[in-house]
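Here is the structure we will look at, set down as structure tokens.
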Amino acid sequence: MRYSIFSVLREALRGQSGWTPVWREPTPKPRYEIVIVGGGGHGLATAYYLAKEHGIRDVAVIERSWLGSGSVGRNTTIVRSNYMLDGNVPFYETSLKLWEVLEREINYNAMVSQRGVLNLWHDEGQRDACLRRGTAMRLHGVDATWLEREDVRRMAPFLDFEHARFPILGGLLQPRGGTVRHDAVAWGYARAADALGVDLIQECEVTAIRRDGDRVTGVETTRGAIECGKLGLCAAGDSSRLAAMAGLRLPVETHVLQAYVTEGLKPFLDQVITFGGGHFYFSQSDKGGIVFGGAIDGYNSYARRGGLPMLTEVMREAASLCPPLSRARVLRSWGGAMDMSMDGSPIISKTPLPNLYLNAGWCIGGFKATPASGFAFAHTIARDEPHAINAPYRLDRFRDGATIDESGSGASPWLQ
Ligand SMILES: Cc1cc2nc3c(=O)[nH]c(=O)nc-3n(C[C@H](O)[C@H](O)[C@H](O)COP(=O)(O)OP(=O)(O)OC[C@H]3O[C@@H](n4cnc5c(N)ncnc54)[C@H](O)[C@@H]3O)c2cc1C
């Protein structure tokens with residue numbers, strides 16, 4: 001059923017009796033042309049674009065839990081394309097452009113809110129880095145606005161401008177950046193992929209990858225073996241575990257990233273704001289809660305929970321940038337598993353096994369990439385070659401040194 005004001009009115013008049021399940025619950029078939037492992041944002045988007053852009057509908061997405069149970073439903077919802085390096089700007093700008101039309105395309109309200117992302121700078125070194133980043137963005141046709149201290153004060157008068165240890169000197173604003181309701185993205189892509197004939201298999205964990213020589217022949221799962229012509233891995237924080245099942249060792253390590261939300265407060269925070277004096281960023285949800293986070297926990301873990309030391313550090317930075325936050329009650333905290341690549345940039349690539357494809361290395365910032373990642377990964381799998389936007393994200397760049405080390409956006413996460 002198409003969602004519209006008319007369908008809402010019609011159902012209101014007939015007792016909400018006509019809604020159908022948002023997607024089917026199919027029994028897995030013994031074989032698919034393409035199997036995608038991971039029912040997060042990237043896996044679901046890949047399946048959708050395989051069906052829509054390439055007409056390949058004999059596709060299954062295999063998810064060990066429920067769709068959207070991973071990081072796609074755990075992130076702090078920030079989208080932006082304020083990168084600096086040539087390899088990154090076109091990719092993330094493509095993603096932002098896809099976000100701008102996504103809701104109409106998949107007929108699903110994902111609450112895309114282009115409220116602006118403001119990065120603060122607090123010393124001359126950061127000023128220089130922001131200036132270079134903003135200039136690079138503008139050279140690529142991406143929106144970037146330079147702000148002096150008084151401009152920032154007009155936008156966010158509740159920040160500490162007078163007594164802070166790291167006084168705010170200015171900011172770099174991307175007005176088209178903002179937030180998107182994260183789990184609606186998973187549900188929207190799932191519904192759209194299902195409508196095109198993709199099988200979404202939940203509660204089905206991949207336990208082994210079958211090979212015949214260099215070729216992958218299928219996967220073993222908790223619901224039986226499934227054969228496939230091509231296999232795509234979209235397992236985010238579990239990427240290294242999945243790749244190991246195929247005999248590959250990835251340049252990826254997994255860390256926990258935590259986030260927090262306060263009680264609902266009256267609206268006061270219009271943008272997403274990041275602190276340049278440490279690892280802290282915050283925004284306000286439509287319910288009024290302040291959603292905030294900081295850096296990754298410093299040890300490797302596949303667990304989706306964090307510890308108190310990082311919470312203490314993040315709260316310290318929150319209070320230093322915005323002192324009133326020290327009086328807000330934190331209601332919830334949670335964690336997700338981050339697939340940290342060694343240069344902070346992702347991998348959307350073919351692998352040494354000819355019919356195995358890899359989508360991984362999203363570090364702390366893969367949510368914003370979801371549409372472009374799905375689009376580019378589908379292209380790579382369907383055509384056996386990368387799209388121009390993901391050509392730099394090949395796996396073997398770590399062997400030949402063509403890394404894309406965007407300091408400040410990946411492994412050293414002061415931007416989110
Ligand atoms: C606290 C936090 C804040 C974040 N904030 C932001 C942000 O503001 N902006 C941003 O751009 N990014 C952010 N991120 C990062 C972003 O959420 C991730 O990079 C992105 O969601 C990863 O891609 P995904 O959605 O496909 O991953 P996931 O949703 O994790 O999908 C991977 C799926 O694979 C499944 N899986 C794993 N192993 C198997 C198996 N063996 N068999 C079957 N299924 C399996 C998992 O269950 C999971 O559902 C944040 C992450 C966290 C945790």
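The values are calculated or read from the model by the stated rules, or taken from the named source; none is laboratory data. In this text the structure is predicted, and so the values were computed from the model without any measurement. FYI the Cβ positions are ideal-geometry reconstructions off the backbone, even for glycines, and counts take in every protein chain you see.
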Query raised in the report: Among the residues of segment 256-273, which ones are more than 10 Å from the ligand (Cβ to nearest atom) and either outside the structural domain of residue 156 (by TED's automatic domain parsing) or surrounded by fewer than 23 Cβ atoms within 10 Å (Cβ to Cβ) (or both)?
Result: 261, 262, 263, 264, 265, 266, 267, 268, 269, 270, 271
Query raised in the report: Looking at (1) surrounded by 19 or more Cβ atoms within 10 Å (Cβ to Cβ); (2) within 29 Å of residue 105 (Cα to Cα); (3) away from the ligand (no atom under 15 Å from the Cβ), which is the one condition that is false for residue 391?
Result: (1)
Query raised in the report: Taking interchain pairs and intrachain pairs at least six residues apart, which have beta carbon atoms under 8 angstrom, with the first residue in segment 51-63 and more than 12 Å from residue 33 (Cα to Cα) and not assigned by TED's automatic domain parsing to the domain that holds residue 37 and the second part of a loop (DSSP other than H, G, I, E, B) and within 11 Å of the ligand (Cβ to nearest atom)?
Result: none
Report summary line: Of the listed residues (52, 29), the one being modelled with pLDDT of 95 or more, in a loop (DSSP other than H, G, I, E, B) and more than 9 Å from the ligand (Cβ to nearest atom) is 29
Query raised in the report: Could we say that residue 374 is outside the structural domain of residue 229 (by TED's automatic domain parsing) and either within 16 Å of the ligand (Cβ to nearest atom) or not hydrophobic (A, V, I, L, M, F, W, C) (or both) here?
Result: no
Query raised in the report: Among 149, 165, which is closer than 30 Å to residue 326 by Cβ, outside the structural domain of residue 57 (by TED's automatic domain parsing), among the charged types (D, E, K, R) and modelled with pLDDT under 95?
Result: 165
Query raised in the report: What residue, of 369, 328, 337, 319, is within 16 Å of the ligand (Cβ to nearest atom) and not assigned by TED's automatic domain parsing to the domain that holds residue 193?
Result: 337
